Structure formats: structure tokens, C-alpha cells
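Step one of this worksheet: look at the structure below.
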Amino acid sequence: MVNRATYQAAKLVAPQIEAHFAKHLAEANAKGEVDLAPQPPARVIEAILDAAFWSSLRKEEGHSPKISIAFLPPEQASKPLLFHQTLPLNANILTKMAPGVERSGIHIGVWHDGYSLHIWGTTLNIPNYCFVVDVSEPGLLVIKHRRIYGFGKYTNVAVLKGDQIKVVEEKSATSADCPAMLLSLLDLTAHSYWNDAANILIQLAVSMRAHARGGAILVVPKGTKDWEQSVIHPMGYALTPPYRGLADLTNKDRNASEIFWQSALKREIDHLSGLTAVDGATIISDDYELLAFGAKTGRANSSGHIQELSYSEPIAGGDAVTLHPAKIGGTRHLSAAQFIYDQRNALALVASQDGHFTIFSWSPTLSMVQAHRIDTLLL
């Protein structure tokens, strides 16, 4: 390929990304998986990242590009939109195309002629383990691939923000107490279906982070009242009876079309996650009954103050460290950490206004609260 990168982070990360896709595609082939994408060479990765980065810094009619680029031949796309003539892959072309392809689910298709990369059109469907680069905001690129099972959130491989590189480290989830939600985000579970617990929580997290107001969801065991000891009464907006919109939808069988269920599920998830923008915590049961929102939490009478937790991020160099909870965020983080310290069968999801996102859970192995920062996986 003659496309040469001038974006230095692209040059640095390309070999690691090539190795990641080579490993997963080889494993998928060995398992007999079908509809697999082509292996992206380092030079291709480098060139696509370079074009994506420089386009992200431009504007078209006052708007920064928000685009998704997929590396695949048009023959592997289902019902592709094909240009009569291919276009060169460069920042100028990507910026000009951006207003027409910025909606979620649309990918700009890129392939090569043996010498250089070109844009052949767009597609709504891509094969498994297809190399994808999302331009999320100026200077922010997310490298990801479609997961083989389930729908919804793609699996993130790396995030580049200017000269900062965060490569997702799958081996970071080796703890026996690792939350299922994190395992699913890292694509380390078996089959992940549209309505399984981890997938629902991931979609809630993505929707919750999208409103950019910050918020917290506390997931408590169904049918228990112990969690009420850690909530200040009266609660802001307690619900009687609990709202079961999301709970009823996830418990139904899939006799109707999957597209219908996905659409209905998204509406319920956006409805629930929108309530997290209200000051205070949103409380749901582990079968997704909405119990309250706008709730203030406090220390249970039988409990002491939390003094430390295990904090980690699933990226290279993000190994767990022991910290005081006040050092990883503001009031929401401290309140969530104390809640999990008191209610050890619960789970807390906390979003900051600046986009940081953390899962809090209790680790019996460590005998302390563990906090996993996962915003790199949610982009």
C-alpha cells in the first residue's frame, strides 16, 4: 500500500492491532466460524487511522465528522451502496462524506486495489471481526470489531485520543470476581444474546453515558429490602408498584421479529437511563424492575466507612491498585463505593459528566470493593 501515515500514534499502534485481529480471526477459523472479515495488515490499519484522524480535525459546514470506516471488500457487504467510481481514501473525501453517513450503523466501506486504499461505498452490514474505526469527536478514534454473537455494542480494541493510546487488555479480566458485564464488553463470554443480563447492562451504560449529565444505577437483588438501609428516606422518587417495562420485555420469548424486540428494548433502555440524569441514584432490581430514582444513599447503620478499594482499567498498564475511593472520582463514586461496601450483593454503575464510567462490585476474593473503569470499552 502506498498510503503513508503522518499521524504518529497510528504508526505506533498498528502492529498491535494487526496482531489482535490475526489472533482472533485464527481462533474463529479454527472453531469453524463463518462470515469472517479479511485480516487487516498493519500498513492498512495505519493508513485508515491516519485518514480518519486528520478528517476528525476538520469541519464541514461547522460540524466535526462523526463517521465509521470498515475495512472489507464490497462482496462481503450485504446490500451495499456502491459508488459508480471508487474514491481515494483521504481526509478531504471523508470530511465531505461525513454529513451523509453520520447516523449510527452506517459504515464507509474501504478496500484496496493492491497498491492504494479506496472508498467503494457504504454498508449497514459487516462480517464478523471486521476492522472498524469510529471517529467519535475531534482527535478521538475508536478501533473496534463486530462481536460474533448477540447484537448491540461492538467490541473495542483500542482508543486513540491525540497522542494518547489506550489498548484494551483482555487479560485484565482474570479475577474470579470480575463482573459479567466487563467480561462481555471484552468479548470473553460465550454466546451473548439480546436479552442476557450483561448485554442489558452494557446497553444501559452506553445510553446512560450518552446523555452526558452523569448518573448512577444501583442494581440490587430482586425481592430484598436490605438495600433500603443504605438509602436516605424518604426517597426522591420511589415507585409503587415498581415499573416493569424493561423487566417484562426481557422476560418475554422471541416469537416476534428480533428487529421489533431490539427497537422496543432500546426504547425501554433509553427511558430508564434517562432517569439517571435526575440528581441521585436510580435503583433497579437484578431483573430490571425500576424501584426508585433520584435516591440519596448513605452509610448503613451497621457499617463503617469504606477506607479502600481495588481500582483498575482494562487497558495495557491499567493493573489494579488499592486506593481510597475519594481518589477515583467525586461524590457519586464515593457514594457508590460505600453502597457496595454495605450491600455486597449489589452492583453500581456510575457515569461522570466528563464521560468516565465505572462499575463497582464486591470481591469476595479480595474482601473489598472493586472498581473497574470501563469508558474505553463504551465509546
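The values are calculated or read from the model by the stated rules, or taken from the named source; none is laboratory data. Since the model is a prediction, treat every value here as computed from it, not as a measurement. Virtual Cβ from ideal backbone geometry, glycine too; neighbours counted across all protein chains shown. Just so you know, the surface numbers come from the protein's heavy atoms only, side chains and all, with ligands and any DNA or RNA stripped out. Shrake-Rupley method; radii C 1.70, N 1.55, O 1.52, S 1.80 Å.
The table below lists the values:
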item: Qualifying residue in segment 241-260 (condition: touching a Lys or Arg at 6+ places or on another chain (Cβ under 8 Å) and either touching a residue at least 12 places away in the same chain (Cβ under 8 Å) or of a type in the set (D, E, K, R) (or both)); result: no
item: Residues that are open to solvent by 10 Å² or more (accessible area, probe 1.4 Å) and in a strand (DSSP E or B), drawn from segment 108-119; result: Trp111, His112, His118
item: Single residue of segment 312-356 satisfying the filter (acidic (Asp, Glu) and assigned to a loop (DSSP other than H, G, I, E, B)) that is modelled with the highest pLDDT; result: Glu313
item: Residues that are surrounded by fewer than 17 Cβ atoms within 10 Å (Cβ to Cβ) and without any contact (Cβ under 8 Å) to a residue 60 or more places away in the chain, drawn from segment 12-26; result: Pro15, Ala19, Ala22, Lys23, Ala26
item: Residues of segment 120-149 classified as of a type outside the set (Ser, Thr, Tyr), open to solvent by 20 Å² or more (accessible area, probe 1.4 Å) and within 28 Å of Gly62 (Cβ to Cβ), total; result: 4
item: Whichever residue in segment 359-371 is assigned to a loop (DSSP other than H, G, I, E, B) and in contact (Cβ under 8 Å) with a residue 12 or more places away in the chain and, among such residues, is surrounded by the most Cβ atoms within 10 Å (Cβ to Cβ); result: Leu366
item: Odd one out for Ile69, checked against (1) assigned to a strand (DSSP E or B); (2) without any contact (Cβ under 8 Å) to a residue 40 or more places away in the chain; result: (2)
item: Flag for His271 being in contact (Cβ under 8 Å) with a residue 60 or more places away in the chain and either within 24 Å of the chain's Cα centre (by Cα) or surrounded by 15 or more Cβ atoms within 10 Å (Cβ to Cβ) (or both); result: no
item: In segment 150-168, the residues that are open to solvent by 30 Å² or more (accessible area, probe 1.4 Å), at pLDDT below 80 and either polar (S, T, N, Q) or closer than 17 Å to His24 by Cβ (or both); result: Gly150
item: Counted residues, segment 209-240 - those being touching a residue at least 40 places away in the same chain (Cβ under 8 Å), among the polar types (S, T, N, Q) and open to solvent by 80 Å² or more (accessible area, probe 1.4 Å); result: 1
item: Selected residue (criterion: modelled with the highest pLDDT) from residues of segment 291-302 that are open to solvent by 20 Å² or more (accessible area, probe 1.4 Å) and part of a loop (DSSP other than H, G, I, E, B); result: Lys296
item: Answer from Pro38, Pro80 - the residue that is surrounded by 15 or more Cβ atoms within 10 Å (Cβ to Cβ), on the phi < 0 side of the Ramachandran plot and under 24 Å from the mean Cα position of the chain (by Cα); result: Pro38
item: Whichever residue in segment 338-358 is under 22 Å from Ile315 (Cα atoms) and in contact with a helix residue (DSSP H, G or I) (Cβ under 6 Å, 6 or more places away or on another chain) and, among such residues, is most open to solvent (accessible area, probe 1.4 Å); result: His356
item: Residues located in segment 241-290, provided they are within 16 Å of Ala348 (Cα to Cα) and at pLDDT below 90; result: none
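The rows are residues; the columns are (1) of a type outside the set (Gly, Ala, Ser); (2) touching a strand residue (DSSP E or B) at 6+ places or on another chain (Cβ under 8 Å).
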site: Ser263; (1), (2): no, no
site: Ile269; (1), (2): yes, no
site: Leu272; (1), (2): yes, yes
site: Ile283; (1), (2): yes, yes
site: Gly304; (1), (2): no, no
site: Ile315; (1), (2): yes, yes
site: Ala320; (1), (2): no, yes
site: Ala326; (1), (2): no, no
site: Arg332; (1), (2): yes, yes
